[in-house]
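Let me begin by presenting the structure, written as C-alpha coordinates, before commenting on it.
The values are calculated or read from the model by the stated rules, or taken from the named source; none is laboratory data. Not measured: the values here are computed from a predicted model. Using ideal geometry, Cβ is built from the backbone for each residue, glycine included, and neighbour counts are taken over all protein chains shown.
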Amino acid sequence: MKHHHFLPVFIALIAFYIGLHFYAARWLSKSFGLAPAATAWLRLALLTAAFLSPFTMFLKHKCHTPVLEAIYAAGYAWMGVILIAAFIFFCSDLAALILRRAGQSAALPHLPRLTLTALAGILAWALYGGLRTPDINEIPVAMKDLPPALEGFRIAQISDMHVDSGWKLRQFNGIVERINAAKPDIVLITGDLVDPGLTCREGLAEASLKLKSRLGTYGSLGNHEYYYGLDKAMACYKSFGIKLLKNEALDLKDIELIGLGDIHTENISAEEVTALLKKSQHGKFTVLMSHQPVYYKEIARTGEYLTLSGHTHRGQIFPFNAFTRLAYKYFYGLYRIKDSAFYVTSGVGTWGPPLRWLAPAEIPLLILKKE
(Lines give C-alpha, C1' and ligand atoms only; values in the text may rest on other atoms or scores of the structure.)
Protein backbone atom coordinates (compact mmCIF):
# COMPACT_ATOMS: atom_id res chain seq x y z
CA MET A 1 0.00 0.00 0.00
CA LYS A 2 1.23 3.50 -0.84
CA HIS A 3 1.64 5.88 2.07
CA HIS A 4 1.86 9.67 2.19
CA HIS A 5 3.75 11.35 -0.64
CA PHE A 6 6.24 12.87 1.77
CA LEU A 7 8.13 15.35 -0.44
CA PRO A 8 5.15 17.53 -1.58
CA VAL A 9 3.80 17.59 1.98
CA PHE A 10 7.23 18.53 3.34
CA ILE A 11 7.64 21.36 0.79
CA ALA A 12 4.15 22.66 1.57
CA LEU A 13 4.87 22.67 5.32
CA ILE A 14 8.18 24.53 4.81
CA ALA A 15 6.47 27.13 2.63
CA PHE A 16 3.68 27.54 5.19
CA TYR A 17 6.20 27.83 8.03
CA ILE A 18 8.26 30.53 6.30
CA GLY A 19 5.06 32.29 5.26
CA LEU A 20 4.06 32.61 8.93
CA HIS A 21 7.18 34.70 9.55
CA PHE A 22 6.48 37.06 6.65
CA TYR A 23 2.88 37.46 7.79
CA ALA A 24 3.99 38.21 11.38
CA ALA A 25 6.48 40.83 10.11
CA ARG A 26 3.77 42.45 7.98
CA TRP A 27 1.30 42.55 10.89
CA LEU A 28 3.80 44.11 13.31
CA SER A 29 4.94 46.65 10.76
CA LYS A 30 1.40 47.68 9.82
CA SER A 31 0.06 47.68 13.40
CA PHE A 32 2.82 49.84 14.86
CA GLY A 33 3.59 52.02 11.82
CA LEU A 34 7.20 50.95 11.40
CA ALA A 35 9.42 52.79 8.95
CA PRO A 36 10.47 50.90 5.78
CA ALA A 37 14.02 50.37 7.09
CA ALA A 38 12.74 49.01 10.42
CA THR A 39 10.30 46.75 8.55
CA ALA A 40 13.11 45.34 6.43
CA TRP A 41 15.21 44.60 9.54
CA LEU A 42 12.21 42.99 11.26
CA ARG A 43 11.54 40.80 8.23
CA LEU A 44 15.21 39.76 8.15
CA ALA A 45 15.19 39.01 11.90
CA LEU A 46 12.09 36.82 11.63
CA LEU A 47 13.44 35.04 8.56
CA THR A 48 16.63 34.30 10.51
CA ALA A 49 14.50 32.98 13.37
CA ALA A 50 12.69 30.73 10.88
CA PHE A 51 15.96 28.86 10.30
CA LEU A 52 16.77 28.67 14.02
CA SER A 53 14.53 25.64 14.59
CA PRO A 54 15.90 23.39 11.81
CA PHE A 55 19.44 24.45 12.76
CA THR A 56 18.69 23.52 16.38
CA MET A 57 17.48 20.07 15.28
CA PHE A 58 20.66 19.51 13.28
CA LEU A 59 22.87 20.74 16.13
CA LYS A 60 21.11 18.59 18.70
CA HIS A 61 21.44 15.44 16.61
CA LYS A 62 25.10 16.07 15.88
CA CYS A 63 26.38 17.68 19.06
CA HIS A 64 24.13 17.17 22.06
CA THR A 65 25.38 18.56 25.34
CA PRO A 66 23.45 19.66 28.46
CA VAL A 67 25.29 23.00 28.30
CA LEU A 68 23.37 23.89 25.12
CA GLU A 69 19.94 22.74 26.35
CA ALA A 70 18.68 26.34 26.67
CA ILE A 71 19.56 26.96 22.99
CA TYR A 72 17.84 23.74 21.94
CA ALA A 73 14.74 24.67 23.94
CA ALA A 74 14.61 28.16 22.40
CA GLY A 75 15.00 26.80 18.87
CA TYR A 76 12.26 24.22 19.30
CA ALA A 77 9.99 26.64 21.17
CA TRP A 78 10.14 29.18 18.35
CA MET A 79 8.21 26.82 16.02
CA GLY A 80 5.27 26.92 18.43
CA VAL A 81 5.62 30.62 19.20
CA ILE A 82 5.39 31.71 15.56
CA LEU A 83 2.44 29.38 14.87
CA ILE A 84 0.46 30.81 17.80
CA ALA A 85 1.56 34.38 17.06
CA ALA A 86 0.51 34.24 13.41
CA PHE A 87 -2.85 32.77 14.41
CA ILE A 88 -3.45 35.50 17.01
CA PHE A 89 -2.39 38.19 14.49
CA PHE A 90 -4.87 36.72 11.99
CA CYS A 91 -7.63 36.87 14.63
CA SER A 92 -6.65 40.50 15.30
CA ASP A 93 -6.92 41.35 11.59
CA LEU A 94 -10.32 39.65 11.52
CA ALA A 95 -11.45 41.62 14.59
CA ALA A 96 -10.27 44.88 12.96
CA LEU A 97 -12.33 44.10 9.86
CA ILE A 98 -15.43 43.39 11.98
CA LEU A 99 -14.94 46.61 13.99
CA ARG A 100 -14.66 48.71 10.81
CA ARG A 101 -17.81 47.19 9.35
CA ALA A 102 -19.63 47.74 12.64
CA GLY A 103 -18.58 51.41 12.67
CA GLN A 104 -16.40 51.00 15.77
CA SER A 105 -13.15 52.33 14.29
CA ALA A 106 -12.39 54.25 17.50
CA ALA A 107 -11.35 50.96 19.12
CA LEU A 108 -8.79 50.13 16.41
CA PRO A 109 -5.79 52.06 17.88
CA HIS A 110 -5.97 49.89 21.04
CA LEU A 111 -6.20 46.59 19.17
CA PRO A 112 -2.45 45.94 18.51
CA ARG A 113 -1.50 46.28 22.18
CA LEU A 114 -4.47 44.17 23.28
CA THR A 115 -3.38 41.57 20.72
CA LEU A 116 0.18 41.42 22.08
CA THR A 117 -1.17 41.16 25.64
CA ALA A 118 -3.41 38.26 24.61
CA LEU A 119 -0.49 36.63 22.80
CA ALA A 120 1.72 36.84 25.91
CA GLY A 121 -1.02 35.23 28.02
CA ILE A 122 -1.62 32.43 25.52
CA LEU A 123 2.10 31.68 25.20
CA ALA A 124 2.36 31.42 29.00
CA TRP A 125 -0.65 29.09 28.99
CA ALA A 126 0.89 26.97 26.23
CA LEU A 127 4.25 26.76 28.02
CA TYR A 128 2.50 25.64 31.20
CA GLY A 129 0.63 23.02 29.17
CA GLY A 130 3.87 21.69 27.75
CA LEU A 131 5.86 21.59 31.00
CA ARG A 132 3.26 20.29 33.45
CA THR A 133 2.95 16.64 34.44
CA PRO A 134 -0.22 15.36 32.73
CA ASP A 135 -3.18 14.03 34.67
CA ILE A 136 -4.50 10.47 34.62
CA ASN A 137 -7.45 10.20 32.21
CA GLU A 138 -9.66 7.24 33.17
CA ILE A 139 -11.40 5.74 30.13
CA PRO A 140 -13.97 2.96 30.60
CA VAL A 141 -13.85 0.57 27.62
CA ALA A 142 -16.72 -1.87 27.19
CA MET A 143 -15.87 -5.02 25.21
CA LYS A 144 -18.42 -7.55 23.99
CA ASP A 145 -16.50 -10.78 24.67
CA LEU A 146 -14.47 -9.67 27.66
CA PRO A 147 -13.56 -12.66 29.88
CA PRO A 148 -14.75 -12.36 33.52
CA ALA A 149 -11.11 -12.43 34.69
CA LEU A 150 -10.50 -9.13 32.89
CA GLU A 151 -13.44 -7.22 34.39
CA GLY A 152 -11.94 -4.00 35.78
CA PHE A 153 -8.53 -4.69 34.19
CA ARG A 154 -6.51 -1.45 34.19
CA ILE A 155 -4.14 -0.52 31.34
CA ALA A 156 -1.87 2.51 31.69
CA GLN A 157 -0.68 3.85 28.35
CA ILE A 158 2.44 5.94 27.77
CA SER A 159 2.91 7.40 24.30
CA ASP A 160 4.93 10.16 22.67
CA MET A 161 7.07 11.13 25.66
CA HIS A 162 10.04 12.08 23.42
CA VAL A 163 12.61 12.12 26.22
CA ASP A 164 15.45 14.18 24.73
CA SER A 165 16.49 16.53 27.52
CA GLY A 166 16.95 16.86 31.25
CA TRP A 167 13.62 18.60 31.81
CA LYS A 168 11.78 15.90 29.82
CA LEU A 169 13.43 13.30 32.03
CA ARG A 170 12.19 15.12 35.13
CA GLN A 171 8.71 15.26 33.62
CA PHE A 172 8.83 11.53 32.90
CA ASN A 173 9.69 10.82 36.53
CA GLY A 174 6.50 12.64 37.53
CA ILE A 175 4.51 10.57 35.04
CA VAL A 176 5.94 7.35 36.49
CA GLU A 177 4.83 8.44 39.97
CA ARG A 178 1.27 9.13 38.78
CA ILE A 179 1.03 5.80 36.98
CA ASN A 180 2.26 3.89 40.01
CA ALA A 181 -0.31 5.68 42.20
CA ALA A 182 -3.07 4.52 39.80
CA LYS A 183 -2.08 0.86 40.36
CA PRO A 184 -2.47 -0.45 36.78
CA ASP A 185 -2.47 -4.15 35.91
CA ILE A 186 -0.17 -3.50 32.95
CA VAL A 187 1.77 -0.58 31.45
CA LEU A 188 1.91 -0.29 27.66
CA ILE A 189 4.22 2.12 25.84
CA THR A 190 3.04 2.83 22.30
CA GLY A 191 6.16 4.39 20.85
CA ASP A 192 8.25 7.56 20.77
CA LEU A 193 9.62 7.17 24.27
CA VAL A 194 13.16 8.13 23.25
CA ASP A 195 14.48 10.77 20.89
CA PRO A 196 17.95 11.94 19.83
CA GLY A 197 19.45 14.14 22.50
CA LEU A 198 19.60 11.88 25.54
CA THR A 199 21.38 8.59 26.06
CA CYS A 200 19.80 5.63 27.79
CA ARG A 201 22.28 5.93 30.63
CA GLU A 202 21.22 9.41 31.74
CA GLY A 203 18.53 8.42 34.23
CA LEU A 204 15.88 7.20 31.79
CA ALA A 205 16.51 3.55 32.59
CA GLU A 206 16.29 4.27 36.29
CA ALA A 207 12.95 6.06 35.85
CA SER A 208 11.49 3.33 33.60
CA LEU A 209 12.49 0.58 36.00
CA LYS A 210 10.39 2.30 38.68
CA LEU A 211 7.17 1.61 36.73
CA LYS A 212 5.05 -0.83 38.73
CA SER A 213 2.19 -3.03 37.53
CA ARG A 214 0.98 -6.59 38.07
CA LEU A 215 1.98 -7.87 34.62
CA GLY A 216 4.90 -5.57 33.85
CA THR A 217 5.75 -3.02 31.14
CA TYR A 218 5.61 -3.71 27.40
CA GLY A 219 6.18 -1.53 24.37
CA SER A 220 5.94 -1.08 20.62
CA LEU A 221 8.01 1.11 18.32
CA GLY A 222 7.21 4.63 17.21
CA ASN A 223 8.77 6.48 14.29
CA HIS A 224 11.20 8.36 16.55
CA GLU A 225 12.82 5.14 17.75
CA TYR A 226 13.93 4.67 14.14
CA TYR A 227 15.26 8.25 14.03
CA TYR A 228 17.13 7.57 17.26
CA GLY A 229 18.63 4.44 15.71
CA LEU A 230 16.61 1.23 15.74
CA ASP A 231 19.25 -1.09 17.19
CA LYS A 232 20.21 1.49 19.79
CA ALA A 233 16.57 2.16 20.68
CA MET A 234 15.81 -1.55 21.07
CA ALA A 235 18.82 -1.92 23.37
CA CYS A 236 17.51 1.04 25.38
CA TYR A 237 14.11 -0.60 25.83
CA LYS A 238 15.82 -3.73 27.08
CA SER A 239 17.83 -1.73 29.63
CA PHE A 240 14.61 0.00 30.69
CA GLY A 241 13.04 -3.34 31.65
CA ILE A 242 10.46 -2.93 28.86
CA LYS A 243 9.59 -5.98 26.76
CA LEU A 244 9.49 -4.63 23.21
CA LEU A 245 7.21 -6.32 20.67
CA LYS A 246 8.11 -5.69 17.02
CA ASN A 247 5.55 -7.32 14.73
CA GLU A 248 5.08 -10.14 17.21
CA ALA A 249 2.65 -11.49 19.79
CA LEU A 250 3.07 -12.46 23.42
CA ASP A 251 0.86 -14.74 25.53
CA LEU A 252 0.18 -13.14 28.93
CA LYS A 253 -2.23 -15.84 30.20
CA ASP A 254 -5.37 -13.68 30.36
CA ILE A 255 -4.61 -11.63 27.23
CA GLU A 256 -2.79 -11.88 23.92
CA LEU A 257 -0.56 -8.83 23.46
CA ILE A 258 0.60 -7.79 19.98
CA GLY A 259 3.03 -5.00 19.12
CA LEU A 260 3.59 -3.59 15.63
CA GLY A 261 6.62 -1.80 14.24
CA ASP A 262 5.97 1.74 13.10
CA ILE A 263 3.67 1.23 10.12
CA HIS A 264 4.76 4.17 7.99
CA THR A 265 8.47 3.94 8.74
CA GLU A 266 8.58 0.22 7.98
CA ASN A 267 6.10 0.62 5.12
CA ILE A 268 3.92 -2.17 6.55
CA SER A 269 0.84 -2.86 4.45
CA ALA A 270 -2.69 -3.49 5.72
CA GLU A 271 -2.41 -7.04 4.38
CA GLU A 272 0.74 -7.64 6.44
CA VAL A 273 -0.95 -6.33 9.58
CA THR A 274 -4.06 -8.49 9.16
CA ALA A 275 -1.91 -11.55 8.35
CA LEU A 276 -0.04 -11.07 11.63
CA LEU A 277 -3.32 -10.69 13.53
CA LYS A 278 -4.83 -13.85 12.02
CA LYS A 279 -1.68 -15.80 12.77
CA SER A 280 -1.84 -14.66 16.41
CA GLN A 281 -5.49 -15.53 17.04
CA HIS A 282 -5.68 -18.02 19.92
CA GLY A 283 -9.19 -17.35 21.17
CA LYS A 284 -8.00 -14.88 23.82
CA PHE A 285 -8.84 -11.27 24.41
CA THR A 286 -6.26 -9.37 22.32
CA VAL A 287 -4.65 -5.99 22.90
CA LEU A 288 -2.78 -4.45 19.95
CA MET A 289 -0.16 -1.71 20.25
CA SER A 290 0.23 0.30 17.05
CA HIS A 291 1.90 3.71 17.20
CA GLN A 292 0.23 4.98 14.03
CA PRO A 293 -3.60 5.16 14.14
CA VAL A 294 -4.14 3.60 10.73
CA TYR A 295 -5.71 0.44 9.23
CA TYR A 296 -8.41 0.46 11.90
CA LYS A 297 -11.18 -0.81 9.60
CA GLU A 298 -8.95 -3.63 8.34
CA ILE A 299 -8.03 -4.58 11.91
CA ALA A 300 -11.68 -4.61 13.03
CA ARG A 301 -12.62 -6.96 10.18
CA THR A 302 -10.26 -9.66 11.49
CA GLY A 303 -11.76 -9.97 14.99
CA GLU A 304 -12.30 -8.24 18.33
CA TYR A 305 -9.37 -6.10 19.52
CA LEU A 306 -8.50 -3.29 21.84
CA THR A 307 -5.97 -1.22 19.91
CA LEU A 308 -3.87 1.52 21.48
CA SER A 309 -2.18 4.21 19.38
CA GLY A 310 -0.62 7.66 19.68
CA HIS A 311 1.49 9.72 17.26
CA THR A 312 -1.00 12.53 16.55
CA HIS A 313 -0.39 14.48 19.81
CA ARG A 314 -3.97 15.71 19.21
CA GLY A 315 -2.26 18.40 17.17
CA GLN A 316 -0.31 19.62 20.25
CA ILE A 317 -0.70 23.30 19.38
CA PHE A 318 -3.90 24.90 18.10
CA PRO A 319 -4.55 25.55 15.20
CA PHE A 320 -2.13 22.83 13.98
CA ASN A 321 -4.86 20.38 15.02
CA ALA A 322 -6.57 21.05 11.70
CA PHE A 323 -3.59 19.75 9.70
CA THR A 324 -3.30 16.66 11.90
CA ARG A 325 -6.99 15.90 11.41
CA LEU A 326 -6.49 16.03 7.66
CA ALA A 327 -3.65 13.50 7.88
CA TYR A 328 -5.32 11.11 10.34
CA LYS A 329 -8.99 10.19 10.31
CA TYR A 330 -8.65 8.66 13.77
CA PHE A 331 -7.23 11.71 15.49
CA TYR A 332 -7.94 11.50 19.22
CA GLY A 333 -10.17 9.58 21.59
CA LEU A 334 -12.07 6.28 21.71
CA TYR A 335 -13.40 4.84 18.45
CA ARG A 336 -15.66 1.81 17.97
CA ILE A 337 -15.56 -0.23 14.74
CA LYS A 338 -17.57 -3.48 14.69
CA ASP A 339 -16.69 -5.30 17.95
CA SER A 340 -13.29 -3.60 18.35
CA ALA A 341 -12.29 -0.54 20.34
CA PHE A 342 -9.48 1.84 19.37
CA TYR A 343 -7.95 4.51 21.56
CA VAL A 344 -5.74 7.28 20.18
CA THR A 345 -4.06 9.25 22.94
CA SER A 346 -2.86 12.84 22.82
CA GLY A 347 0.37 11.58 24.39
CA VAL A 348 2.12 12.33 27.66
CA GLY A 349 4.78 14.71 26.32
CA THR A 350 5.66 17.07 23.50
CA TRP A 351 7.75 16.95 20.36
CA GLY A 352 9.59 20.04 19.17
CA PRO A 353 8.12 23.07 20.95
CA PRO A 354 7.72 22.50 24.71
CA LEU A 355 4.22 23.92 24.29
CA ARG A 356 0.68 22.56 24.31
CA TRP A 357 -2.32 24.74 23.62
CA LEU A 358 -5.92 23.46 23.46
CA ALA A 359 -4.55 19.92 23.13
CA PRO A 360 -3.61 18.81 26.67
CA ALA A 361 -1.31 15.88 27.35
CA GLU A 362 -2.74 12.91 29.24
CA ILE A 363 -1.91 9.60 30.87
CA PRO A 364 -4.68 7.24 29.66
CA LEU A 365 -5.86 4.62 32.12
CA LEU A 366 -8.16 2.29 30.21
CA ILE A 367 -10.49 0.26 32.45
CA LEU A 368 -12.04 -2.81 30.81
CA LYS A 369 -15.62 -3.86 31.45
CA LYS A 370 -18.11 -6.28 29.93
CA GLU A 371 -20.42 -4.72 27.36
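Kindly indicate which of Q157, Q171 is outside any helix (DSSP H, G or I) and at pLDDT 95 or above.
Being outside any helix (DSSP H, G or I) and at pLDDT 95 or above holds for just one of Q157, Q171, which is Q157.
Name the single residue that is modelled with the highest pLDDT among those in the stretch 188-211 being in a loop (DSSP other than H, G, I, E, B) and farther than 25 Å from I258 by Cα.
Selected residue: G203.
With respect to the numbered conditions (1) closer than 27 Å to S165 by Cα; (2) touching a residue at least 40 places away in the same chain (Cβ under 8 Å); (3) over 25 Å from the mean Cα position of the chain (by Cα), which one is the sole condition not fulfilled by A24?
(1)
What are the residues in the stretch 222-262 that are touching a residue at least 60 places away in the same chain (Cβ under 8 Å), crowded, with 21+ Cβ neighbours inside 10 Å and under 19 Å from the mean Cα position of the chain (by Cα), if any?
Of everything in the stretch 222-262, those that are touching a residue at least 60 places away in the same chain (Cβ under 8 Å), crowded, with 21+ Cβ neighbours inside 10 Å and under 19 Å from the mean Cα position of the chain (by Cα) turn out to be G222, H224, D262.
Each row is one residue, and each column tells you yes or no for (1) of a type in the set (V, I, T); (2) closer than 22 Å to R178 by Cβ; (3) modelled with pLDDT of 95 or more.
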| position | (1), (2), (3) |
| --- | --- |
| L215 | no, yes, yes |
| K238 | no, no, no |
| G259 | no, no, yes |
| I263 | yes, no, yes |
| L288 | no, no, yes |
| P293 | no, no, yes |
| K297 | no, no, yes |
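Taking the criterion of being modelled with pLDDT of 95 or more and of a type in the set (V, I, T), would at least one residue in the stretch 54-70 satisfy it?
No, every residue in the stretch 54-70 fails to be modelled with pLDDT of 95 or more and of a type in the set (V, I, T).
Evaluate the following for L334: is it outside the structural domain of G121 (by TED's automatic domain parsing), more than 24 Å from T56 (Cα to Cα) and not polar (S, T, N, Q)?
Here the answer is yes, as L334 does meet what is asked.
Looking only at residues that are small (G, A, S) and buried (at least 20 other Cβ atoms within 10 Å of the Cβ) in the stretch 71-85, which one is modelled with the lowest pLDDT?
G75
Of T56, T65, T48, T39, which residue is surrounded by 13 or more Cβ atoms within 10 Å (Cβ to Cβ) and more than 28 Å from A359 (Cβ to Cβ)?
Exactly one residue qualifies, and that residue is T39.
Write out, first by first residue and then by second, each pair whose Cβ atoms fall under 6 Å of each other, whose residues are 6+ apart or on separate chains, and whose first residue, in the stretch 83-104, is closer than 11 Å to W27 by Cβ while the second is of a type in the set (F, W, Y).
Listed pairs, sorted by first residue: A86/Y23; F89/W27.
Consider the stretch 130-166. How many of its residues are surrounded by 19 or more Cβ atoms within 10 Å (Cβ to Cβ) and more than 14 Å from I367 (Cα to Cα)?
Going through the stretch 130-166 one residue at a time, the tally reaches 10.
Scan the stretch 304-339 for residues that are surrounded by 18 or more Cβ atoms within 10 Å (Cβ to Cβ), touching a Leu at 6+ places or on another chain (Cβ under 7 Å) and farther than 18 Å from N137 by Cα and jot them down.
Of everything in the stretch 304-339, those that are surrounded by 18 or more Cβ atoms within 10 Å (Cβ to Cβ), touching a Leu at 6+ places or on another chain (Cβ under 7 Å) and farther than 18 Å from N137 by Cα turn out to be Y305, I317, F320.
Specify the residue that is farthest from K168 (Cα to Cα); the eligible residues are those in the stretch 55-71 that are touching a residue at least 24 places away in the same chain (Cβ under 8 Å) and among the charged types (D, E, K, R).
The extreme case among them is K60.
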